[in-house]
Each structure stands twice: as structure tokens, then as C-alpha cells.
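The values are calculated or read from the model by the stated rules, or taken from the named source; none is laboratory data. Bear in mind the structure is a predicted one, so any value in this text is a computation, not a measurement. Don't worry about glycine lacking a Cβ; one is built from the backbone with ideal geometry, like all the others, and counts go over all protein chains shown.
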Amino acid sequence: MSRKYLRLDKFSNYFKDPFLVSGFQNYFGVYRIDSATNGSVNGTANSSIKQNEKSKLRLNNIITIKYASDCVNYGLHQRKTVSSDSENSKSSPFTSDGEEQSDVDSDSENSVQCRIDSKFWYYFFSFGAGLGYEMFYASFFPFWIWNIDGAVCRRVINVWVLIMYVGQAMKDIICWPRPAAPPVIHLEPHYVVEYGMPSTHAMVGAAVPFSFLYFTYNRYEYPFIVGLLIASYWCGLVCCSRLYMGMHTVLDIIGGLILVAVLMTIILPFSDMIDHFQLTDPYSPLITIAVMLLLQIIYPKTERWTPARGDTAVIMGTGTGFALGSWLNYRLGVIRGPAIPPPYNILWPGYRVFGLALLRAIIGISCIVATRAFFNSVTYAVLCFFMKEDRRDLKSKRKLLVEIPSKFITYCAIGFVITYVSPFVFRLLYIERETMFTEV
């Protein structure tokens, strides 16, 4: 047993090594320039930056990352914002060509500079990281419901909600920090305060594409190998983006992939039963809300504030809103069973279908934006009033009884708008997708 334990400990220490992450960043052209060397796996110099070379670096390759005060208070290195000293840098972290490096206080405790040698890899991995964030799913899931297949999307959302809840909770139970900086450069400033193990990006990067593959393979006729390649590429891109961004160790990603594999093995066989219950049972809205609130109540507490609990409330609220909207569609007869059982042929869109899809997206996303703005401001103000908190104080947003209910209610409303209100508007305008009625 002792030998196995030593091997496991050696395996864990190796893949937790931040120099692995730093080496990955260096390989794709991300370097620290606040010191003479960049880290490597064995701790030796991987790439030296001589003083006379620094003066030759163009400003378009430099980004300055500034620390936030709460990171300093918690002893964290980089919860920061990416900024630039050029007036032309508002739309990009890179500045314009042809300018010499400006004076930046690289010795400051609250800032660090890094060099990006390849803009292609920067934007490539930034896109990969975006596949795990709110902005992507706020457009991706509605697009599927409004334009492709609501039955598949409902099941995927249930998987997404359950897996993300477990992953976020595990983060706040294990409490492993993000990889150390230095040697790592944290290119995403917003989530450094959050714990790192397991990587929920890796979990959702595997859960979403492979769930779509699982639910569409017997429903539509297409080559399985094509779907498998797309899902694998999606998952690999998301996982690699976490290393490039310096937000996770290799062990965080391995842990996330193992955990999601176990959870999907348990959840997927019951997904049809869960979806059927949510649609058909007359008491499913009450039960769904009760379960979601109970999960929020038993969510593990942490010694300090992290974004994980609030993000979990966003996910749980979205899932609740989707379930309520779908249930109402079924009770009102908007959706029903298909006349012809699957599998179905994939119908590629023409100009008219594409135009209607674009119109639905514009109208639907406008409804989402308006709903988010209204409920976010109203629920926050009401909760601050009842909790006797100053809503102008930013600290009020981190109060447990303000942050969690506000986010849950707001995103519950957004999920309801996506599944019921927006399709209702589409019907009034005669632009609803023809096959939506058959997707139970």
C-alpha cells in the first residue's frame, strides 16, 4: 500500500507542478518579462530575455496585467484586469505596431507584464476558453432551442446543470488554489480568486459536446465518427485553453475529466426519464424549484468569498427556467410527440431558413438582454431593501442572501424567456420553427 501511495503522490505532485503550465504557455508564445527568465518543467531557464532585447520588443506584443486588491488581501497573485497603455488598445489587448515599449512599472507589486509572441494562438485559445463561459451558453443553448432541436437541448441542459453543480461544489470542498504565479501567467483575471480543482471548464468541455453526441446519434442520421471527432476536438480545445490561460494545472484538468466521466455514466441513462417527468408531471415545477433551492442551501460553505457559488446559482436558475418554460409549453399543447419516430434526416438550411433563424436570434437575444437588465436591477434592489444593505456598496453584491437569490431569480426568468416567451413571440410574428411542435 505504501508503494502505491508513493506512486500516487508522485503522480499528483508532477501534474500539479505549475512549471508544466508555464512550459505550455512558453511553447505557444506566452512569456513573463518582469524577470530575466521564464519557468520550465525542471525549473531551469526556458527562454532568456536579455535586457537589450527588451528595448526592441514592440508594444503590440506586450500586455500589462494589474492585480486587484482582493487578490493581494487573499495572498493570491493574479485576479487582474488586462490593460494597455496605448490609446488604440480598447478593442484588443495588443497595441498598435511601430511603437516602442512604453514605460511601465514592471517592478510594481500590483502588476506584471507578459509578452504574447503569437496573436493567432492567443485568440485561438481565448475562443476555446469562451466555450465554457456564460456568454457562449447564453447564445448556444437558445440557438439550439429556437432553430434546431429543443428535445435534445433540454436533456443536455439537465446534464449541464447537474455536472456543473457537482464540479463547482467540489472546488469549494477541495479548496486547491490556481497554479502559482510566478511562474504561471494568469491571462484571465476574473476567476483567480476561485479555487481550481477540478476544472469545471474541462468538465463542461466534455459534458456538452458528448451529451449532444449521445442524444443526437439515435435521433438523426449522420456518421458517428464525425460527431465523435467534433466532440473530441471541442473537449481538447477547452482543456488546452485552460493551460494556455494559466488557470488550471494539468491535474485539475485530469480530475475534471475523470469526474465528468463518472457523472455522465450515472446521469445519461436517466436523462429521458428526468425530461419526461419535467414535461408531464403536473407538480414538476414545484418539485424542480424545491430541489434547486435545496441544492443551493446545502452548497458547501467556504472561508472566503469566491465566484463559484454565484456562478452555481446562475446555472441552477437557468436550468429551472428552462424546465418551467418547457413544462408550460407541454401543458398548453405547444409541443407534443412527433408524428414520425426517429431517426430523422438532417435538413440543411436554405436562404429562407437561414434568414428566419437570424431574425429569431436577433429578437430572442434582445428579449434575453432586456430580461437580464430588468430582473438583475429589480431583484438586487428589492433584496438590498429587505436585507437593509446599501445597494450602492459593491460589498452588498457579495452578501449571501443578496447575491444568490438575485442571480437565481434573474436567470430563472431568462431560462423561461428562452423556452416560452421568445417562441411565443415568434408564433405571433409567424416566424417560429415548423418542427418545434413535435419535440417532446
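Only one of the listed residues (Ile145, Ile157, Ile163) is at pLDDT below 90, in a helix (DSSP H, G or I) and crowded, with 21+ Cβ neighbours inside 10 Å. That residue is Ile145.
A single entry from His186, His190 fulfils the requirement of being part of a helix (DSSP H, G or I) and either farther than 25 Å from Asp275 by Cβ or over 17 Å from the mean Cα position of the chain (by Cα) (or both): His190. Scan the stretch 330-339 and give yes if some residue there is surrounded by 15 or more Cβ atoms within 10 Å (Cβ to Cβ), more than 28 Å from Val226 (Cβ to Cβ), at pLDDT 85 or above and assigned by TED's automatic domain parsing to the domain that holds Ile145, otherwise no. Scanning the stretch 330-339 turns up at least one residue that is surrounded by 15 or more Cβ atoms within 10 Å (Cβ to Cβ), more than 28 Å from Val226 (Cβ to Cβ), at pLDDT 85 or above and assigned by TED's automatic domain parsing to the domain that holds Ile145. Exactly one residue out of Phe375, Phe437 is part of a helix (DSSP H, G or I) and modelled with pLDDT under 80, and it is Phe437. Taken over the stretch 299-335, the residue count meeting the criterion of being more than 15 Å from Phe408 (Cα to Cα) and aliphatic (A, V, I, L, M) is 4. On the stretch given as the stretch 193-206, residues that are modelled with pLDDT under 85 and buried (at least 24 other Cβ atoms within 10 Å of the Cβ) total 1.
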